Amino acid sequence: MSYPVLTDIVASISELKTNPMKVVASGKGMPVAILNRNAPAFYCVPAAAYEAMMELIDDMALLEIVKQRQHEASIPVSLDDL
């Protein structure tokens, strides 16, 4: 059976157990697919890549709010009034 692997670097669970930081470093900042019996079990994502993904997710959520509200009537406000 074939499985989609969404990264260029893969490692086995045995490799991860032996030297986790070496497996993370092998991805050179990108996620590493961890295989269990030649099937992806999970992705090991470095902190910087995870933070970037979370920023993108937040930006997408904010963009959706902007799209929903772009046709609402605006209310003029003066900074002096605040």
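The values are calculated or read from the model by the stated rules, or taken from the named source; none is laboratory data. What you are looking at is a predicted structure, and each value in this text was computed from that prediction instead of being measured. Using ideal geometry, Cβ is built from the backbone for each residue, glycine included, and neighbour counts are taken over all protein chains shown. All accessible areas refer to the heavy atoms of the entire protein, side chains included, with ligands and DNA or RNA removed. Shrake-Rupley method; radii C 1.70, N 1.55, O 1.52, S 1.80 Å.
From the set of residues in the stretch 28-38 that are within 25 Å of ALA52 (Cβ to Cβ) and in contact with a helix residue (DSSP H, G or I) (Cβ under 8 Å, 6 or more places away or on another chain), which is most open to solvent (accessible area, probe 1.4 Å)?
Ranking the candidates gives MET30 first.
Which one of these is touching a residue at least 24 places away in the same chain (Cβ under 8 Å), open to solvent by less than 80 Å² (accessible area, probe 1.4 Å) and either in contact with a helix residue (DSSP H, G or I) (Cβ under 9 Å, 6 or more places away or on another chain) or part of a helix (DSSP H, G or I) (or both): ALA41, ALA49, ALA25?
Going through ALA41, ALA49, ALA25 in turn, the sole match is ALA41.
Quick check on the stretch 39-56. Is at least one of its residues modelled with pLDDT under 95, over 17 Å from ILE9 (Cβ atoms) and either in contact with a His (Cβ under 7 Å, 6 or more places away or on another chain) or acidic (Asp, Glu) (or both)?
no
Can you pull out every residue in the stretch 1-22 that is open to solvent by 100 Å² or more (accessible area, probe 1.4 Å) and within 15 Å of the chain's Cα centre (by Cα)?
Once the filter is applied, which keeps residues that are open to solvent by 100 Å² or more (accessible area, probe 1.4 Å) and within 15 Å of the chain's Cα centre (by Cα), the stretch 1-22 yields only LEU6.
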